[in-house]
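One structure is given below, encoded as structure tokens.
The values are calculated or read from the model by the stated rules, or taken from the named source; none is laboratory data. Quantities reported herein were computed from a predicted structural model and do not represent experimental measurements. Cβ: placed from backbone, ideal geometry, glycine included. Neighbour counts: every protein chain shown.
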């Protein structure tokens with residue numbers, strides 16, 4: 001088996017369709033967008049800048065400000081941007097291995113800030129510079145009876161924010177290098193949209209730095225007239241501490257700030273934004289606007305912004321000539337801020353003209369060489385890592401079918417068939433009236449959306465496929481899967497998200513923004529009504545044996561079936577056994593119902609069916625321990641009671657007996673949700689569901705334990721041979 005390695009950034013960059021960009025600007029923006037830099041903890045960003053700009057003799061002070069000074073004499077011009085972003089710092093370590101955090105800045109950003117981190121992948125920056133992956137705990141689907149119970153536990157409050165890195169104790173956390181005061185941010189990826197737009201968490205906090213890097217790299221220091229200071233300051237979100245120090249040390253005649261304009265409602269495509277400060281002269285802003293117009297750089301004047309203030313020092317000392325420049329931002333201060341790369345390049349061009357430097361010529365992206373893995377052994381983790389990253393919304397499981405076929409042992413691949421509904425089937429063994437007929441079923445599909453309508457303005461109206469908490473996905477990137485391409489988009493937020501807390505709205509339309517301005521533009525990118533939509537996925541190793549990815553439900557079950565087949569000699573099986581990977585479980589057990597009905601018509605109803613699916617677990621501080629207490633790392637779980645079935649206790653006991661005979665760790669209990677095996681019960685089968693404990697189900701940050709996955713694969717193989 002060979003797998004093409006395409007990271008999200010790489011694959012989506014290919015969809016840019018050759019749009020002309022400034023390569024230096026694009027390169028700087030892509031790197032800066034992915035570096036963590038919570039306010040007060042910007043060291044990775046400053047280190048990258050110091051290395052990238054080392055030819056300009058940058059100075060890094062003990063606060064973290066990076067300054068470069070070129071030329072001498074007058075006029076003394078200062079270009080300044082900030083580097084920090086909002087995030088969190090570890091404030092408490094719990095005995096169960098979870099972390100609790102304090103927000104930075106402590107006064108918050110907007111009412112949705114906490115909620116938009118819920119059930120999302122994060123990264124913690126340790127003292128030794130390592131990035132430790134983890135997730136923010138989120139409520140699990142199936143464990144809550146109604147919206148009222150969800151509201152009481154919703155993760156929109158710091159008291160209910162828990163960080164899970166897979167550790168079981170404070171000692172395991174410290175072994176990873178994680179400790180109090182470590183900062184953390186969302187896991188960050190730059191995604192390409194249409195029309196040269198990009199999205200990433202809190203991206204506008206790095207736009208100014210990208211523009212200044214691009215500008216500096218085209219400057220000849222010997223030709224600078226007067227003195228030019230370029231400054232990258234820290235701690236803007238902490239009361240402008242970095243800027244406060246800079247302005248007391250550098251006496252400039254003119255200052256231009258590069259930052260997001262808080263008052264602007266301009267959208268990407270509007271051009272470079274220019275404004276002055278309230279109560280100050282606007283002649284520099286007016287001069288920049290005229291310069292842009294004279295050189296055909298798209299530009300838009302904006303309302304004056306509030307002058308910068310220090311937390312304790314009040315209004316900061318500024319020269320008479322000041323201005324602010326920036327670019328339009330869609331969905332500001334969210335995990336999916338959208339900006340136009342061309343406008344960042346125009347921003348650098350405008351500043352270059354201001355300094356007497358002509359704009360650079362644009363170019364297109366060079367071809368990207370794809371990297372291909374060598375074949376890998378079919379360990380349980382290898383199988384899971386492969387399957388977890390394949391996309392397959394309910395009704396669109398064909399890529400999952402093909403991946404599972406590749407992962408099967410040769411004998412199973414030869415015997416595999418796909419029925420009219422899309423189910424993948426591997427039968428083996430021989431007829432034996434003295435032994436029960438067995439079916440093992442896992443489902444291949446995952447939650448997501450389908451494009452229901454393409455509006456005239458290019459936005460996509462989505463229809464749900466499956467159930468989940470919408471607050472885990474609003475304001476985050478998604479992928480639109482068409483026949484010819486994969487296109488990034490953002491699930492839009494309500495217009496009042498910056499001022500009003502989240503409120504559940506029954507029947508809320510989910511709208512995806514791709515960057516397209518018209519229906520024709522969206523269709524030109526290959527998008528059609530009926531295309532599937534998912535969240536970006538990545539398999540992550542956490543601490544110890546813990547792992548995280550979207551769609552562990554039910555790629556873990558699918559993995560267990562594949563791994564079990566590698567441990568089975570079909571010639572030695574003295575009963576009829578079928579391994580079934582079913583479609584459309586998330587929208588109603590449709591694949592399993594089709595197969596069960598067809599089997600009954602043909603006289604092939606199994607005696608026992610083992611539905612291999614998630615045991616949605618309350619193994620999280622957010623959930624009640626009253627039920628669903630499957631503990632991660634303590635073995636597979638017999639899902640004895642759920643919303644669709646009660647497994648007879650005698651057969652539960654038989655599974656436990658076989659597990660203990662093989663030293664396979666086993667748990668059993670009660671959880672929510674339904675399972676594919678219940679579709680066989682009306683035809684005479686006994687349903688004995690098997691699962692594994694899963695945290696934060698139906699979110700982007702599902703967490704499982706590899707030892708449980710291995711135990712699940714072992715019990716499936718053992719039951720196929722002995723039950």
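Which residue, of 19, 13, 28, is surrounded by fewer than 20 Cβ atoms within 10 Å (Cβ to Cβ), modelled with pLDDT under 95 and in contact with a helix residue (DSSP H, G or I) (Cβ under 6 Å, 6 or more places away or on another chain)?
Every option except 19 fails the conditions.
Could you tell me whether region 230-250 includes any residue that is more than 27 Å from residue 42 (Cα to Cα) and surrounded by fewer than 22 Cβ atoms within 10 Å (Cβ to Cβ)?
no
Considering 78, 83, 49, 99, which residue is buried (at least 21 other Cβ atoms within 10 Å of the Cβ) and within 30 Å of residue 633 (Cβ to Cβ)?
99
I'd like the residue in region 396-406 that is buried (at least 21 other Cβ atoms within 10 Å of the Cβ), assigned to a helix (DSSP H, G or I) and touching a residue at least 60 places away in the same chain (Cβ under 8 Å) and, out of all such residues, is nearest to the chain's Cα centre (by Cα).
Top of the filtered list is 400.
How about region 456-482: which of its residues are within 17 Å of residue 519 (Cα to Cα) and either out of contact with any helix residue (DSSP H, G or I) (no Cβ under 7 Å at 6 or more places or on another chain) or outside any loop (DSSP other than H, G, I, E, B) (or both)?
Of everything in region 456-482, those that are within 17 Å of residue 519 (Cα to Cα) and either out of contact with any helix residue (DSSP H, G or I) (no Cβ under 7 Å at 6 or more places or on another chain) or outside any loop (DSSP other than H, G, I, E, B) (or both) turn out to be 457, 459, 460, 461, 462, 480, 481, 482.
I want to confirm something. Restricting to region 276-290 and keeping residues that are buried (at least 17 other Cβ atoms within 10 Å of the Cβ) and not in a strand (DSSP E or B), which single residue is modelled with the lowest pLDDT?
My answer is 280.
Check 108, 73, 64 and return the single one that is at pLDDT below 95, more than 25 Å from the chain's Cα centre (by Cα) and part of a loop (DSSP other than H, G, I, E, B).
Matching residue, one of 108, 73, 64: 73.
Go through the residues of region 416-439 one by one and say whether even a single one is assigned to a loop (DSSP other than H, G, I, E, B), over 34 Å from the mean Cα position of the chain (by Cα) and closer than 24 Å to residue 614 by Cα.
yes
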